[in-house]
Each structure stands twice: as structure tokens, then as C-alpha cells.
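Written out below as C-alpha cells is the structure these notes cover.
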């Protein structure tokens, strides 16, 4: 017998539904060795961490063996193996990698293959919820991926989960429909069963996406690191570490005082020399409730520690709400707000350009202040779109505003790129590090979540940037 014949014989079972689950299990097991290769080819970074998913491969291979002992055990073990594999992948690759989407085909297997074991089916569906929660609270990933790499992983996993869902529907859904035909059901009832199955798929997918998005906004932000060489620095100058934060958006579910306190502790633990905050401290479109939200900034931000100081600019939400109160409460916290102004710290001059979105920017005034101080200018602004007007002598721009798209579709398009026909930001400067001929731009995804507390494929983050010669 050939290997294919042996595998086919191993997967056989008198119950067609169980046999289909056996084939799905062997398909998953055979595809797992190629998964790290996909990441190596398409993502890069510490792709080898995906090899941890090999731990679940023997369990998938044992599904037909378990099914021979009991026709219920096989499908149940298949679902449980999927749960375990999801937890391993979540820890290895991190939040935002899209591995949670595999809960959709796993839940479908429980729904379709365990019709006669209703209690077990309910237990496994509850297990899917528990697995989701655990996967989101396993701490930081084992490896550090850039925002672009995380988004690419999310696209790969979304596509893989979709393919597996279609395989499950083709294999198990077809058998369910055949059972309906065998029961001499009417065409109308078969149509209703198909519609119900499609409804389950869409509901499960939407529920998983919403849960992921809601939970993402509560996750601790990812610390991104980078190094930038500045030839203008004098030889033997000690490297300076700059922490870039943005978009705190205190005032909705995505940012509470407790979460902000945890983030401040995380930033202080990195021991930056300089901290800059690129605006949008509170959420809102008017001054209703703004005084209370602004007051809530003082205590957490007063705990930020940096030898060279903490500086900030205001964002569009700050200007839409109560900028005077925000300035006053930031001052109480020891945060210096730069409004088209500059300040010299060592070899560097921080150039604070006020918000472009609300037309409070005055780049000419800010650069004039920087030129009077000398030093290497570092531009800080809420929106990265100021980059088009920056003079070439500014080698570094630090910004926020974009939330890295906040909700990014599997093919890379952000649903938050436009309001009506108005573009919110230049797509080139949506996220991460962007190297241009004369400067490097960093755009952080921010710490909060803006008006809608949902994040998908655009995890909250902050940057620790080393500046050296």
C-alpha cells in the first residue's frame, strides 16, 4: 500500500461524519509543517516561533485512533486539539496575529459533527469562549514582531481560517444536507437548513471578530523598538532613548485610569531618556464631560519619568473638547505642551507642531524657534501628514493619530482611512517606521482606541527609539 492509501485507510470510519472529521484532522496535521515556512517567506521576523504549533500535531494525528474507540471521541479530540493549537499560537505569535479566527471552523465542527452529543457540543462551544479569553491573556508574545509583520500574519491567518471553514462546510455541511435529503425533507426545508448553516457561520465569524476587537483595546500595548543613526551627532555621543506615545483617549472603554497606570509603569520600566506624547489625550467631540476626563490624566502621567523631560503636542480630539483644561492638567503632571514651539535638550531640539487636522499648526513658527536653539531637530506632531511640509534638515518625525488604521481588513485596507470622502491621513504614513531619503518617520498605533473601542489587526503600541551616531 502507498502512503496515501494507508492514510485513507486510517481515516475511514463507518460514520461518514466521523470519517470526515478524521480527514480534516489529518489535513490540519499535514499542513502544520508548512506554516512556519509561510511565515518565513511572507512575514519574516522570528518566524521560527510558529514551530511551537508542532506540539499539537501528534494530537491531530490521533483523532482517527480515538474515533475508532468511540465515534464521539474523534470529533471532540479534533476540536480540543484546535483549542490547544490556538493557545500555543497565541502565545508564540502574540495578540493581533489573527489565530483566534480558527475558533470559527472549530466551533462549526462541534455544531455539525456532535449533533447527537448535545451536552458535549455545548461544553465545547463554551470551551471556545474560554480558549478565546485565555488566548488574549497570555502576556506578550515570545517574539517581537513589527506592526507590519503582525498585520501580515493576521492576513495569512484570516485566509487560512477561511479555507479551513470552507473545508469544514464542504465536508460536514454537505453530509448534514445529505441527511436532510435522506429524511425526505422538502426542498424548502433543505433550503432553510442551508440558510441556517450559513447564518451560523456568519454569526460565529462576526462574534469572534467583535470579541477580538473589543478585547484588543484592553490589551497592554506592545513595546516596539527601533534604532536610528543620525550622522549629525558628534562622535562618542551617548545614545538617547526616546519613548513615543500617542492617542491615550481617556474617556471610553478602551482607556481607564487603571490601564493607563499599567502603561505608565511599563514605559518607566524601559527607562527612556526622553518621553514625547503626540496628542489626543481624551476622547470626545465637544466639551461635555471633558473636564473630568482631563483631570483623570494628571495622576497617571505624573508618574512618567525621563531625565530629559516629558513633552507633548495636542491632537484633534483635544482641540475639539477642552484644550485649555487639558493643558492645565498636563502641566500639573509635569508634561510640557509645545504649541508650535521648540525646546533644546542636549544635542536635540524637540519641535512641537500643533495639530494639522484642526488647523492649529504653524510649522514656520515652530521651525524658527528650533533654528534659534540649534541642535538636531526632532519634529513632534499629532498627524504624520505634516511630513510633506517639513524641511529636509529635520531628520526625524514622531507622530500618532492614525491608530495604525484601528480596523484593518485582511487585504491591508483600513476601514478608518476616510470619513465620507475626506481622507484622514496619507496611507503611506499609516503605521510604523517609514524611511524617506531625508528623514525617518515613526507613527505609533497609540494607546487608546478613539471613539469606537474596537481594534483589529492594529494593536495598541508605543515606541522606544534609540538615537545614535
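See the values below:
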item	result
Selected residue (only one of 279, 284, 309 is closer than 23 Å to residue 348 by Cα and modelled with pLDDT under 95)	279
Test: residue in the range 299-311 that is closer than 15 Å to residue 450 by Cα and buried (at least 16 other Cβ atoms within 10 Å of the Cβ)	no
Some residue of the range 61-76 being more than 15 Å from residue 18 (Cβ to Cβ) and either buried (at least 24 other Cβ atoms within 10 Å of the Cβ) or at pLDDT 90 or above (or both)	yes
Contacts under 7 angstrom Cβ, first residue in the range 26-53 being within 15 Å of residue 102 (Cα to Cα), partner surrounded by fewer than 16 Cβ atoms within 10 Å (Cβ to Cβ), 6 or more apart	32/54
Filter result for residue 207 (part of a helix (DSSP H, G or I), surrounded by 13 or more Cβ atoms within 10 Å (Cβ to Cβ) and at pLDDT 80 or above)	no
Matching residues, the range 234-260, being under 19 Å from residue 440 (Cβ atoms) and out of contact with any strand residue (DSSP E or B) (no Cβ under 7 Å at 6 or more places or on another chain)	237
Every pair of residues 6+ apart whose Cβ atoms lie under 6 Å, when the first sits in the range 58-69 and is assigned by TED's automatic domain parsing to the domain that holds residue 19 while the second is outside any helix (DSSP H, G or I)	67/13
Failed criterion for residue 202 (all others in (1) within 30 Å of residue 138 (Cα to Cα); (2) crowded, with 16+ Cβ neighbours inside 10 Å hold)	(2)
Tally, over the range 80-106, of residues that are more than 23 Å from the chain's Cα centre (by Cα) and crowded, with 22+ Cβ neighbours inside 10 Å	1
Pairs where the first residue, in the range 322-333, is farther than 12 Å from residue 281 by Cα and the second is modelled with pLDDT of 95 or more and buried (at least 21 other Cβ atoms within 10 Å of the Cβ), C-beta under 7 Å, 6+ apart	333/301
Contacts under 6 angstrom Cβ, first residue in the range 86-115 being more than 14 Å from residue 212 (Cα to Cα), partner at pLDDT 90 or above and not in a helix (DSSP H, G or I), 6 or more apart	none
Residue satisfying all of: in the range 339-350; touching a helix residue (DSSP H, G or I) at 6+ places or on another chain (Cβ under 8 Å) and surrounded by 18 or more Cβ atoms within 10 Å (Cβ to Cβ); nearest to residue 285 (Cα to Cα) among these	340
Qualifying residue in the range 351-365 (condition: assigned by TED's automatic domain parsing to the domain that holds residue 403, surrounded by fewer than 17 Cβ atoms within 10 Å (Cβ to Cβ) and under 31 Å from the mean Cα position of the chain (by Cα))	yes
Residue check for residue 271: surrounded by fewer than 21 Cβ atoms within 10 Å (Cβ to Cβ), on the phi > 0 side of the Ramachandran plot and either at pLDDT 95 or above or in a strand (DSSP E or B) (or both)	yes
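The values are calculated or read from the model by the stated rules, or taken from the named source; none is laboratory data. Predicted, not measured: the structure shown is a model, and the values here were computed from it. In this analysis, Cβ positions are derived from the backbone assuming ideal geometry, glycine residues included, and neighbour counts consider all displayed protein chains.
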